[in-house]
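Bear in mind that the values in this text are calculations on the coordinates, not laboratory data. The structure displayed is predicted, hence computed values, not measured ones. With ideal geometry, Cβ positions are generated from the backbone for all residues, glycine too; neighbour counts draw on all protein chains shown.
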Amino acid sequence: MNLQNKNILLTGASGGIGQALALALAEKGARLWLVGRDAVALNTLCARLPHSEHHSVVVVNHYSDEDIEDLTRLFWGNTRLDVLINNAGTNRFALLEEQSFSDIREQIRVNVELPLLLTRGLCHQFNAGGIILNIGSILGEIGHPGYSIYSATKAALHRFSEALGRELSLSGLSVLYVAPRATRTRFNTEAANALNASLGNGSDTAEYVAQKIILSLEKEHKRQRLGFVEKLFVKINALLPSIVDRALSKKMSVIDRYARQHAGRSVK
Ligand SMILES: NC(=O)c1ccc[n+]([C@@H]2O[C@H](COP(=O)([O-])OP(=O)(O)OC[C@H]3O[C@@H](n4cnc5c(N)ncnc54)[C@H](OP(=O)(O)O)[C@@H]3O)[C@@H](O)[C@H]2O)c1
């Protein structure tokens, strides 16, 4: 897709990857609807974008059903949507036994329920050739200790993307899925960063990830994973998961130590 003059709705626009992506998309000449909960951050971002007057800030409080209906109404009539980017996401790096019910619900709500409902709400609002792009994670394809809930939610988003892409194959709409590896944003806690450093895990800047996402949109790559070693691990995990079981089991005492830095949460 040529992104010039395309109408793009981006969730989680105030976050690390969201901001880098908004800048890169605006530089390509796209018209953006920057969606999120933080009005100040979104307005500051909008003011920094090339042709800031072409872009809109949409503040949503909870992504309630009403919020989603309001978003839907933005794309009736002459203004239709070309790309929906489901980028908002959250995680808790912690052992399952130390995650509260609300920690678990929040990850399911933001990483699964929200993109699925938004996609359902907006699916009739697209121009021909429209794209739904879901931002997943390498951890959606490699179940990783300390991230059991997050891995489960991103796996769900991955399968949703695959199934919906196939369901829409005759409609002219495409569904793309991009899975970043660790990215240097506020998303990762100090404990998560320390674990990555200790295990020698690679990480990317948000700007690099944004460029890869743009490439996926332009080339309409159905699936893209970032990181050479991570891609290899995903393939080994799919074919011979016991090899990855053993590799992660050897690292478990280190993972356990960092993950317990979140210790002390009650169940609710
Ligand atoms: N950073 C990484 O290591 C990494 C790796 C792989 C995949 N990813 C994925 O990349 C995407 C962007 O991550 P990021 O690194 O840019 O993270 P980030 O800087 O923490 O930004 C996350 C965004 O999601 C929104 N969000 C968080 N919790 C929310 C909630 N409860 N309700 C509604 N919105 C919420 C935030 O919006 P508000 O401003 O409204 O809070 C924020 O704009 C996520 O889907 C994440 O899973 C990240």
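Applying the criteria of a DSSP loop state and at most 11 other Cβ atoms within 10 Å to the trypsin sites (Lys or Arg not before Pro) of the stretch 109-196 yields Arg186. Summing +1 for each Lys or Arg and -1 for each Asp or Glu among the other residues whose beta-carbon sits under 14 angstrom from that of Asn61 gives -4. Using the alpha-carbon atoms, what tilt in degrees (0 to 90, nearest 10) does helix 190-199 show relative to the longest principal axis of the chain? Tilt relative to the chain: about 60 degrees. Dipole of the chain computed with +1 at Lys/Arg Cβ and -1 at Asp/Glu Cβ about the Cα centre; of Gln19, Leu248, Ser174, farthest Cα towards the positive end is Leu248.
Amide H to amide H distances under 5 Å link Arg223 with Tyr177, where only residues 5 or more positions off or on other chains count and H is placed in the peptide plane. Counting only lysines at least 8 places from Lys219 when in the same chain, those with an alpha carbon closer than 21 Å to its own are Lys6, Lys28, Lys231. Considering only the other residues whose Cβ falls under 10 Å of the Cβ of Gly130, what net charge follows from Lys and Arg at +1 and Asp and Glu at -1? Taking every Cβ under 10 Å from that of Gly130, the sum is +1. Taking amide hydrogens as placed 1.01 Å from N in the peptide plane, the amide H of Trp33 sits under 5 Å from those of Ile8, Leu9, Leu10, Ser56, each at least 5 positions away in sequence or on another chain. Taking Cβ atoms as reference points and 10 Å as the exclusive limit, the residues near Ser203 contribute a net charge of +1, counting Lys and Arg as +1 and Asp and Glu as -1. Using a simple spin-label model with pseudo-atoms 7 Å out from Cα toward Cβ, Val254 and Ala194 lie 1.4 nm apart. Rounded to the nearest whole Hz, the Karplus-based 3J(HN,Hα) values (6.51 cos²θ - 1.76 cosθ + 1.60, θ = phi - 60°) of the stretch 222-236 follow the sequence 5, 9, 9, 10, 9, x, 4, 5, 5, 4, 4, 4, 4, 5, 4, with x at glycine and proline. Karplus-based coupling profile of the stretch 102-117, in residue order and whole Hz: 6, 4, 5, 4, 4, 5, 5, 4, 6, 8, 10, 4, 4, x, 5, 5, with θ = phi - 60° in 6.51 cos²θ - 1.76 cosθ + 1.60 and x standing for Gly or Pro. Across the options Tyr63, Trp33, Tyr208, the greatest Cα extent toward the positive end of the charge dipole of the chain (unit charges at beta carbon of Lys, Arg, Asp, Glu) belongs to Tyr208. Only one residue of Phe228, Ile108, Ala152 has its Cα farthest out toward the positive end of the dipole of the chain, where Lys and Arg carry +1 and Asp and Glu -1 on Cβ, and that residue is Phe228.
How big is the dipole moment of the chain about its Cα centre under a simple scheme where the beta carbon of each Lys and Arg is +1, that of each Asp and Glu is -1, and everything else is neutral? Debye, nearest 20, please.
So the dipole magnitude of the chain works out to roughly 700 debye.
Per-residue ellipticity at 222 nm, computed for the chain from helices alone with -39500 (n - 2.57) per DSSP H run of at least four residues, works out to -14000 deg cm²/dmol.
Residues in the stretch 16-28 carry Karplus couplings, in order, of x, 5, x, 5, 5, 5, 4, 4, 5, 5, 5, 5, 7 Hz; the curve used is 6.51 cos²θ - 1.76 cosθ + 1.60 with θ = phi - 60°, and Gly or Pro positions show x.
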